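Since the structure comes first, as structure tokens, the remarks are kept for the end.
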Amino acid sequence: MNLKSIIYSATAALAMLGAAACSDSKGSGNAEMDAFVNDLLGKMTLEEKLGQLNLPASDDIVTGQAKKSNIGAAVAAGQVGGVFNIKGVEKIRDLQKVAVEESRLGIPLLFGMDVIHGYETVFPIPLALSCSWDTTSIERSARIAAIEASASGICWTFSPMVDICRDPRWGRASEGSGEDPFLGASIARAMVKGYQGNNYEKNDEIMACVKHFALYGAPDGGRDYNTVDMSRQRMFNEYFEPYKAGAEAGAGSFMTSFNTVDGIPATANRWLLTDVLRDQWGWDGFLVTDYTAISEMIDHGMGDLQQVSALALKAGTDMDMVANGFNGTLAKSLEEGAVDMGQIDAAVRRILEAKYKLGLFKDPYKYISADRAKTDVYTPENRKEARRIATETFVLLKNEGSLLPLQKKGRIAVIGPLANTRANMPGTWSVAAASEKYKTLVEGIKDAVGDKATVTYAKGSNLTADAELEANATMFGREMRDNRSEAAMLAEALNVARSSDVIIAALGESSEFSGECSSRTDLTLPDTQKKLLEALLSTGKPVVMLNFSGRATIMTWESEHVPAIMNVWFGGSEAADAIADVVFGDVAPSGKLTCSMPRNMGQIPVYYNHFNTGRPKAQDVKFEKFRSCYIDSPNAPLYPFGYGLSYTTFEYSDFALSANEMTADGSIKATVKVTNTGKYDADEIVQLYIRDLVGSSARPVKELKGFKRISLKAGESAVVEFDITVDLLKYYNFELEHVAEPGEFVAMVGPNSENVSSLNFTLK
Ligand code: BGC
């Protein structure tokens, strides 16, 4: 404890005695915290208060120079509440020291970072993680991320990103959990728990930030930052659940999104931030904007910086990331009466409360330990977990003639632009990655086979023939362009291919083909890679296609021509070894898609939980005039939500309901027997869907309402049970009341959203 925190403790204790000091507080339920914060607020100048609302970028920090940096001067002047994306415990310590020792009140800083899917030990991208449907492992990944980040001085992560996405053109599909709100909500809870642990009791439990509130994943045309406009029914039933789950799990902070909601930018949308998030959902954390989201409201056409800053504060936003709108203009707005001190105090209070809950007033250096930075980061145990979890995320889409798993023998050619790149293994938003330490796929394959087989390599092609597009898709030090001619690269690859027994084609996207501002209008395999694949197939050698991607891509041609296809997403720091584990059958693949894989661009958005329409097409016909369909494409995606193969086969039988009637306060049990009928021990993800046949509003054809990941040895069976409670039957009706309406429902179970067995039941 330093001198200032001792003074704080003493004054807080005194303030507790004088209850009058709390009179402006609505009361958090924690009297000690209220007293402490009231006391501190009482001592703050307006400038210091606005300083707490300020989260500037931290570009100019060099170790040992924090004091002299621009940001250091602002921190010393009490003009900064937190900083983000500084990697390095020494730099963080320096800056915290300035805050605690040089600023008048010594209020510690928050240190945030985009720890999205791991720190130095990088886990698969969130979309991939969701394909494991393994909330225990996902929680574990967040726990390890928190341990490593906190060992490096970070106490706040800008994660989980829980935006539902049905449009794979959007590059940030990679950062979320796919298209389903039920699964998304389960993952949101798991991640908040993983990061925050036991409410920051220990110095490796950090604050989560649920983002981007709200609806950021539904931009028009899939173009990042674009307009979002949807009905409130759709918001509440199909998009809000994961945010709500994050709020209920006690996430310490939320981030506003860039887009408009009902025409008002989220950052200034009082209905969204205050009426829904705080009042309806009872959430009591603090709200930070996304990067410059306040100043971006000028371009949205909401006014000048002073006007938009006032709008944001009044809507319920507490902290301004980078825009310098709160710090720069709220004093003037206060003077002119556009905002009042109560609104400023409310925002400051929430930020001070967050710092209090994190324990930073007791020990500003709680998260800053040079020792832990040496022992807790990128450890063998963490890497082992990352490798295990990555194996659960790959989705086997096709496996003709059981080509996979490969045997460790003969000559194995690994060919493609993703085969030999270290920097692209972790995937987008891996801010703290140390990719020089990670293996390339070729290295992973070589290590797996040892001297049992010969592994050869050729790049075969660039990512795309279009150098400008490739530059856009390989930013942040992930340059991978080869200056040889297309013909020369192809010739080399064919040589390598012809002398092999089997070809592993490592194709698809680079890390930055997805992620922020990486929206695409064409999701097919880029031109040169397609040519390479055709050439490899023409050799007559068996080809296994590993598709690297940060989103659902279109593989209609590939699904017709390539015997084995596995989607490996971006598997993180241990991706290479994990891929080898699955390719050679040490682990059987078990991932299942959490985003429908479209057949063509025109189908987008295509998602499983759609409405029936008044003119549904019969399932088994491709086209029916005057029915809801296309004349040139089936409605169904190429690979549906929930789909994924294994090396073994599973048989579903004996689906039963414990009753076919249910009362409003009762529940029924759905059971199904699952048998591993193949030769491999493997995991299966058993899925429960429900349809509300008749409602006061139209209801989707099915909605995921349960899932279980089970392990079965070859030949083994298990009975899987789901409790169908009234809660699972509820939805938001036209009045936005959360109701379960009596009537008939269908329960469906199966291995994916298309292949299900159904039984009806009635809610009395
Ligand atoms: C992104 C956020 C991120 C923030 C801070 C923004 O551009 O939209 O997701 O947390 O930057 O790096």
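Structure notes:
- Count - residues of region 308-357 that are surrounded by fewer than 19 Cβ atoms within 10 Å (Cβ to Cβ), without any contact (Cβ under 8 Å) to a residue 60 or more places away in the chain and within 16 Å of the ligand (Cβ to nearest atom): 0
- Scanning region 81-100 for residues that are in contact (Cβ under 8 Å) with a residue 40 or more places away in the chain, of a type in the set (A, V, I, L, M, F, W, C) and away from the ligand (no atom under 13 Å from the Cβ) yields VAL89, ILE92, ALA99, VAL100.
- Subset of region 231-263 that is within 22 Å of MET207 (Cα to Cα) and assigned to a strand (DSSP E or B) - its residue that is nearest to the ligand (Cβ to nearest atom): MET255
- Pairs with Cβ under 6 Å, 6+ apart, first in region 464-481 and under 20 Å from ARG169 (Cβ atoms), second among the hydrophobic types (A, V, I, L, M, F, W, C): GLU470/LEU463; ALA473/PHE513; THR474/MET480
- From the list ALA266, ALA188, the lone residue that is modelled with pLDDT of 95 or more, of a type in the set (A, V, I, L, M, F, W, C) and either within 14 Å of the ligand (Cβ to nearest atom) or surrounded by fewer than 24 Cβ atoms within 10 Å (Cβ to Cβ) (or both) is ALA266.
- Annotation: SER174 fulfils all but one of (1) among the polar types (S, T, N, Q); (2) touching a residue at least 40 places away in the same chain (Cβ under 8 Å); (3) assigned to a loop (DSSP other than H, G, I, E, B); the unmet one is (3).
- Pair list, Cβ < 9 Å and 6+ apart or interchain, from region 662-691 residues that are without any contact (Cβ under 8 Å) to a residue 40 or more places away in the chain to residues that are acidic (Asp, Glu) and surrounded by fewer than 21 Cβ atoms within 10 Å (Cβ to Cβ): THR677/GLU651
- Tabulated pairs, region 205-216, first part of a strand (DSSP E or B), second within 8 Å of the ligand (Cβ to nearest atom) and of a type in the set (Asp, Glu), C-beta under 6 angstrom, 6+ apart or interchain: HIS212/ASP290
- Test for VAL686: is it surrounded by 13 or more Cβ atoms within 10 Å (Cβ to Cβ), out of contact with any Cys (no Cβ under 7 Å at 6 or more places or on another chain), of a type in the set (A, V, I, L, M, F, W, C) and not in a loop (DSSP other than H, G, I, E, B): yes
- Within region 358-383, the set of residues being among the charged types (D, E, K, R) and in contact (Cβ under 8 Å) with a residue 40 or more places away in the chain comprises LYS362, ASP363, LYS366, ARG372, ASP376, ARG383.
- GLU139 being under 25 Å from PHE394 (Cα atoms), crowded, with 24+ Cβ neighbours inside 10 Å and acidic (Asp, Glu): no
- Unmet requirement for GLN407, which otherwise passes all of (1) surrounded by 19 or more Cβ atoms within 10 Å (Cβ to Cβ); (2) away from the ligand (no atom under 16 Å from the Cβ); (3) not hydroxyl-bearing (Ser, Thr, Tyr): (1)
- Considering region 275-291, the residues that are within 16 Å of the ligand (Cβ to nearest atom) and assigned to a loop (DSSP other than H, G, I, E, B) include one that is surrounded by the most Cβ atoms within 10 Å (Cβ to Cβ), namely THR289.
- Search result, residues across region 643-674 that are surrounded by fewer than 18 Cβ atoms within 10 Å (Cβ to Cβ), of a type in the set (S, T, N, Q) and closer than 30 Å to GLU400 by Cβ: THR649, SER653
- Note on region 154-172: residues that are within 14 Å of the ligand (Cβ to nearest atom) and either of a type in the set (Val, Ile, Thr) or surrounded by fewer than 24 Cβ atoms within 10 Å (Cβ to Cβ) (or both) amount to 3.
- Taking the conditions (1) surrounded by fewer than 22 Cβ atoms within 10 Å (Cβ to Cβ); (2) among the polar types (S, T, N, Q); (3) under 30 Å from LEU287 (Cβ atoms) in turn, SER402 satisfies each one other than (3).
The values are calculated or read from the model by the stated rules, or taken from the named source; none is laboratory data. These numbers were taken from a predicted model, which means no experiment stands behind them. Neighbour counts run over all protein chains shown; Cβ positions are idealised from the backbone, glycine included.
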